[in-house]
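Below: one structure, written as structure tokens.
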Amino acid sequence: MRTERTQATTEALRKAAAYLQNHEVVAFPTETVYGLGADATNEAAVAKIFQAKGRPSDNPLIVHVHDSNQIKYYTEEISPMAQQLIDHFMPGPFTIILKSNGQVAPTVTAGLSTVAIRVPDHPVARALLKESGLPLAAPSANVSGKPSPTTADHVYDDLQGRIACVLDGGATGVGLESTVVDATGEIPVILRPGGVTKQEIESVIGSVKLPKPLKETAQPKSPGMKYNHYEPDAPLYLIEGDKAFFQQQIRRYQQAGHKVGVLASSSLIEQLDANEKYNCGNHDNLREVAANLYFGLRYFNHKSVDLILSESFPAEGIGEAIMNRLAKAATDRIKNI
Ligand code: TXA
Ligand code: MG
């Protein structure tokens with residue numbers, strides 16, 4: 001299949017909507033990362049998403065709708081707590097999990113009784129939802145296991161020849177995926193930290209349950225692990241220590257004959273000497289680091305490095321999502337103890 005890659009003009013949006021109505025898959029920008037969309041009510045269309053990404057069939061998809069008023073078409077009753085979350089965070093980098101009423105294709109929910117729904121806040125995503133008139137099941141538009149795409153180039157690198165079309169809307173803003181919140185119980189549970197922070201949710205709801213602490217979720221890579229996530233081509237190690245410790249680790253690998261890539265914030269990176277460096281922004285502005293993170297992970301795929309050493313960031317605010325992704329991308333941590 002030839003993959004059409006085009007700027008998201010009115011004409012291109014019309015064509016992309018027609019592809020979707022014909023049960024093809026289309027990649028499009030959202031404010032978080034690029035998504036790979038298909039008609040969420042059509043089993044054959046949704047199957048093409050799983051096929052193009054190589055995604056395990058037991059991992060459910062997020063359904064994107066144009067307007068939060070459409071959530072009721074796909075869910076059982078919406079509690080006052082859920083409605084509050086919807087009113088505050090949609091449209092935006094926020095996904096709500098509610099009881100499904102069975103209106104989307106069974107593979108979208110991977111057979112679960114719940115459905116994940118999001119209202120994206122990006123002009124191209126919104127125009128596509130409107131023009132197609134469809135709810136769009138859309139995971140991140142990367143090959144399963146790789147970092148999510150934040151530019152049309154990333155999507156094209158991963159999926160060319162496997163999908164009908166990529167709509168180019170420039171680089172995404174948030175750079176990390178939406179926060180996934182289970183609102184089926186009395187207290188909302190954050191299943192995946194993301195663009196909306198725990199503090200922001202707490203300011204609306206009062207109390208939320210948290211994902212497992214970082215130490216428990218940061219599993220070292222092992223052959224038996226079922227799914228890998230966000231992995232660059234070269235192994236990544238998270239460095240926990242000061243500047244001197246970081247430089248010492250770089251030297252240690254270089255002396256063993258390895259080419260070392262470093263991913264770090266501006267003030268640190270200018271003091272480090274490595275084979276390749278990617279500056280992910282100002283340490284005091286973690287929103288900027290989040291926006292650059294996946295770009296940075298993919299940057300090293302085009303450089304000849306044997307491994308990547310990454311700075312660790314404070315797991316607060318958006319830093320919680322940054323560290324969640326880095327921990328999953330990492331083969332291991334190297335601590336100064
Ligand atoms: O920002 C985003 O959320 C992006 C853009 C494209 O919207 N999408 C995205 O989709 O990140 P994906 O498929 O890469 O991640 C969806 C996450 C997965 O961790 C999946 O397991 C979870 O949401 N999920 C989906 N439906 C669920 C459900 N019913 N119950 C629990 N988790 C669910
Ligand atoms: Mg993904």
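The values are calculated or read from the model by the stated rules, or taken from the named source; none is laboratory data. Keep in mind it's a predicted model, so treat the numbers as computed, not measured. Cβ: placed from backbone, ideal geometry, glycine included. Neighbour counts: every protein chain shown. Protein only, heavy atoms only, side chains kept; ligands, DNA and RNA dropped before computing areas. Shrake-Rupley method; radii C 1.70, N 1.55, O 1.52, S 1.80 Å.
Tabulated results
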{"quantity": "nm² value of the averaged projected area, convex hull over the Cα atoms of the range 236-335", "calculated": "5.5 nm²"}
{"quantity": "Whole-number accessible area per residue in Å² for the range 236-335, which is evaluated in the context of all protein chains at 1.4 Å", "calculated": "41 Å²"}
{"quantity": "Relative contact order (percent, whole number), the chain, Cα cutoff 8 Å, 6+ residue spacing", "calculated": "20 percent"}
{"quantity": "Distance in nm between pseudo-label sites at ASN22 and ASN285 (7 Å out along the Cβ direction from Cα)", "calculated": "4.4 nm"}
{"quantity": "Cα-based helix-to-principal-axis angle, 123-132 vs the chain, degrees rounded to 10", "calculated": "30 degrees"}
{"quantity": "Residue-averaged 222 nm ellipticity for the chain, from DSSP H runs of 4+ at -39500 (n - 2.57), nearest 500", "calculated": "-9000 deg cm²/dmol"}
{"quantity": "Cα Rg, Dmax, the chain, angstrom units", "calculated": "20.0, 61"}
{"quantity": "Sequence-separation-based contact order of the range 75-213, relative, with Cα cut under 8 Å and 6+ spacing, percent", "calculated": "25 percent"}
{"quantity": "Hz values of 3J(HN,Hα) by residue in the range 133-144 - Karplus curve (6.51, -1.76, 1.60), Gly and Pro given as x", "calculated": "x, 10, x, 10, 6, 8, x, 4, 8, 10, 5, 3"}
{"quantity": "Most to least packed among 81-90, 247-256 [average Cβ atoms within 10 Å]", "calculated": "81-90, 247-256"}
{"quantity": "Under Karplus coefficients 6.51, -1.76 and 1.60, residue-wise ³J(HN,Hα) of the range 42-57 in Hz, glycine/proline x", "calculated": "10, 4, 5, 5, 5, 4, 5, 5, 4, 5, 5, 7, x, 8, x, 6"}
{"quantity": "Size of electric dipole in the range 4-205: Cβ of Lys, Arg +1 and of Asp, Glu -1, about Cα centre, debye, nearest 20", "calculated": "340 debye"}
{"quantity": "Helix 286-299 vs. the chain, principal-axis angle (Cα, 0 to 90°, nearest 10)", "calculated": "80 degrees"}
{"quantity": "The range 4-205, accessible area per residue, ligands and nucleic acids excluded (1.4 Å, Å²)", "calculated": "37 Å²"}
{"quantity": "Size of charge dipole - the chain - debye, nearest 20, with Cβ of Lys, Arg +1 and Asp, Glu -1, no other charges", "calculated": "760 debye"}
{"quantity": "Highest to lowest packing among 33-45, 112-124, scored as the average C-beta count within 10 Å", "calculated": "33-45, 112-124"}
{"quantity": "Portion, in percent, of the accessible area of the chain that falls on carbon or sulfur, probe 1.4 Å", "calculated": "47 percent"}
{"quantity": "Per-residue ³J(HN,Hα) for the range 4-13, Karplus 6.51 cos²θ - 1.76 cosθ + 1.60, θ = phi - 60°, Hz, x for Gly and Pro", "calculated": "7, 10, 8, 4, 7, 7, 4, 4, 5, 5"}
{"quantity": "Residues with amide H under 5 Å from that of LEU191, placed H, sequence gap 5 or more", "calculated": "VAL180, VAL181, ASP182"}
{"quantity": "Counted charge near SER312, where neighbours are those whose Cβ lies closer than 10 Å (Asp, Glu -1; Lys, Arg +1)", "calculated": "0"}
{"quantity": "Folded to 0 to 90 degrees: helix 243-255 orientation relative to the chain principal axis, Cα", "calculated": "80 degrees"}
{"quantity": "Within the range 1-62: Cβ-based charge dipole about Cα centre, in debye rounded to nearest 20 (Lys, Arg +1; Asp, Glu -1)", "calculated": "200 debye"}
{"quantity": "Mean Cα-pair separation over length for the range 236-335, i.e. relative contact order, pairs under 8 Å, 6 or more apart, %", "calculated": "39 percent"}
{"quantity": "Relative packing of 269-279, 61-71, which averages over residues the other C-beta atoms within 10 Å, highest first", "calculated": "61-71, 269-279"}
{"quantity": "Lys/Arg +1, Asp/Glu -1 at C-beta; the chain dipole; positive extreme among LEU191, LEU236, ASN42", "calculated": "LEU236"}
